[in-house]
Amino acid sequence: MATGWAPDGAEQAQIDASLEDALAQVRTRLPQGESALYCDECGEEIPEARRLAVPGVRLCIECQQKKDQQQQFATGYNRRGSKDSQLR
Ligand SMILES: [Zn+2]
């Protein structure tokens, strides 16, 4: 029974690490300084309404949506991965 605990500890460390990754991602998305006039990704002009509505915005709406989708996908993938290892 004692041998069963070592892998559990390793899994917990992995979960902590992905939590910290998620927090780091959230931190990089927090508003920082002035809003950008042009999208960091594609260089399109960001509408003034969006710059006022989202302080510190760096991306146009299209690029922000793409980024959000990628992050949702990455988060779902991580969650499924840790669930599989718990079942095992
Ligand atoms: Zn863009």
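The values are calculated or read from the model by the stated rules, or taken from the named source; none is laboratory data. Computed from a predicted structure; not experimentally measured. Cβ placement follows ideal geometry from the backbone for every residue including glycine, while neighbour counts extend to all protein chains displayed. Note: accessible area is taken over every heavy atom of the protein model, side chains too, but ligands, DNA and RNA are not part of it. Shrake-Rupley method; radii C 1.70, N 1.55, O 1.52, S 1.80 Å.
Quick notes on this one:
- Each residue in region 29-60 was checked for being open to solvent by 90 Å² or more (accessible area, probe 1.4 Å) and either within 16 Å of the ligand (Cβ to nearest atom) or touching a residue at least 60 places away in the same chain (Cβ under 8 Å) (or both), and 9 pass.
- One residue stands out among those in region 36-88 that are within 15 Å of the chain's Cα centre (by Cα) and of a type in the set (D, E, K, R): the one that is modelled with the lowest pLDDT, which is 79.
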